Amino acid sequence: MFARRQFTPQRPRPVLFPRDYAAQFERWAGYRLHPHARRVVAFIERQRARRQPQRVIVSNDPASTDILRATLADYIRWRAAVVQPGDSFCVVGRSRADISRILPKRKLSVLPDPRWQPILVSSRTPDHCRGLNFRLALILDGDCFPHRGRALEQHWRAILPAIDLGPQSLLILCGTYRSRTRVNYFARLVRQARLPVLDLGLPPDESVRQSASAAVIQPPMVMMLHHPGRPPLPPPISPPRQAFLS
């Protein structure tokens, strides 16, 4: 009699080519992405694939500023319409007319809830987004805000508390970094590097810069009070005891 052949499952072959994180958005957008826009979208999608809060400060190239602004506006619209349908998003630009050119009504009308989802704010009205709840935020032209960037600081303080730390949250700050600028708030954020900074003027291997303390969350300080007539209380976390050998 013939012996029964034993089936041994084969392991899948490793993927040798790099993963194209921007392919899904590019298929939905219907146009080929600019190399700078592809790098930004791929960086954000890589964070989302790892279930991390998406945070990035983009230092764009002046030659591709208009293309990058239009692509990021389409990307946040794709997130609010396909990936997270129904979620509100905030877009901050230089003026309402500038935002209307990037996000016209015909593009906003295809959203699941076009009346309440988009929150469009100009650079001179930071109070329009204060106290609102949204998960997606896009700040364009961060280096061109009035009052030497102090308006950007007000927007930054109004938007950060509204975004949670969940894996579906998104915050993009886009602008042109100038090394000789000292007073601008956008240049200060790039130098501090508390969030990942993506410099499109550098090669892809050297474009991401982040400080060592950006990914470390310091634990809250615990204040323990003791009675004046009693000995002080031990610290919240006692040091390990050592064994004394005789």
Where labels lie 7 Å past Cα in the beta-carbon direction, separation of Trp116 and Arg148 in nm: 4.2
Relative contact order for the stretch 13-164: what is it in percent, counting Cα pairs under 8 Å that are at least 6 residues apart? 20
From the Cα gyration tensor of the stretch 25-179, with a ≥ b ≥ c the square roots of its eigenvalues, which class applies: rounded if a/c is under 1.5, or else prolate if a/b is larger than b/c, or else oblate? rounded
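Dividing the convex hull volume of the alpha carbon atoms of the stretch 45-110 by its residue count, what do you get in Å³ per residue?
110
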Note down the net charge around Gly93, summing +1 for each Lys or Arg and -1 for each Asp or Glu among other residues with Cβ under 11 Å from its Cβ. +3
Once you have the Cα-Cα distance between Ser179 and Leu160, take 0.36 nm times their residue separation minus that, and quote the gain in nm to one decimal. 4.3 nm
Which peptide among 82-91, 108-117 comes first, and what is the full order, when sorted by highest mean count of other Cβ atoms within 10 Å? 82-91, 108-117
Accessible area of Arg46, 1.4 Å probe, to the nearest 10 Å²? 80
Once you have the Cα-Cα distance between Ser109 and Trp28, take 0.36 nm times their residue separation minus that, and quote the gain in nm to one decimal. 27.5 nm
For the stretch 77-169, give the magnitude of the charge dipole about the Cα centre (Cβ charges: +1 Lys/Arg, -1 Asp/Glu; no others), in debye to the nearest 20. 320
Share of the stretch 67-130's accessible area from carbon and sulfur, percent, 1.4 Å? 51
Pulled fully out, how much extra length does the chain show between Asp61 and Arg188, if you take 0.36 nm times their separation in residues and subtract their Cα-Cα distance? 43.9 nm
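The values are calculated or read from the model by the stated rules, or taken from the named source; none is laboratory data. These figures come from a predicted structure and were not determined experimentally. When we count neighbours, we look across all protein chains shown, and the Cβ atoms used for this are built from the backbone with ideal geometry, even at glycine. We work out accessible area using only protein heavy atoms, side chains counted, and drop any ligands, DNA or RNA first. Shrake-Rupley method; radii C 1.70, N 1.55, O 1.52, S 1.80 Å.
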